[in-house]
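One structure is given here, and the rest of the page talks about it.
What follows draws every value from the coordinates through simple rules; no lab data is involved. Keep in mind that this is a model prediction, so the values were computed, not measured. Every residue, glycine as well, gets a Cβ built from its backbone with ideal geometry; the counts of neighbours run over all protein chains shown.
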Amino acid sequence: MPEVRAALRGSRLAAVLVGVAVLLGTQLALSTVERLRGGTRELRWLRARLAERRDHLDHQRLENAELIAAVDRLVHVTEVLHDRVAEARRAVQMEEIREPLGEPAVQRISLAPGAPFVSDDAARAIG
């Protein structure tokens with residue numbers, strides 16, 4: 001019987017060790033499952049955030065495209081307006097050149113002795 005008691009003590013010890021190992025293994029498995037669930041939740045949150053950012057970027061790209069199109073239209077209108085102004089200036093200059101030149105106004109100067117040597121216009125301005 002002493003051998004049975006010794007064997008039982010060894011088997012009790014083994015059973016206790018197996019029980020502790022099972023508890024530790026269960027705890028490890030549960031903590032691993034909890035970490036995986038937390039990682040899965042975080043991954044879902046990050047994917048949702050990424051989708052929101054993509055939508056925001058798509059909206060900004062659309063706004064930028066509209067702005068670029070408006071600027072292109074403005075540049076085109078400005079070029080057309082600049083060309084029309086240049087044509088109008090050339091037309092005005094051509095009309096000024098076509099106008100007949102009048103005789104230059106000859107100023108009379110009095111050459112009488114003792115008279116001041118100024119034109120009639122200058123005499124009116126002075127006097």
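What to note about this one:
- 3J(HN,Hα) from dihedral phi, segment 16-27, Karplus parametrisation 6.51/-1.76/1.60, rounded to Hz, x for glycine, proline: 5, 5, 5, x, 5, 5, 5, 4, 5, x, 5, 4
- Segment 2-99, dipole about Cα centre (Lys/Arg Cβ +1, Asp/Glu Cβ -1), debye to the nearest 20: 1460
- Direction-averaged projected area, Cα convex hull, segment 2-99: 9.5 nm², rounded to one decimal.
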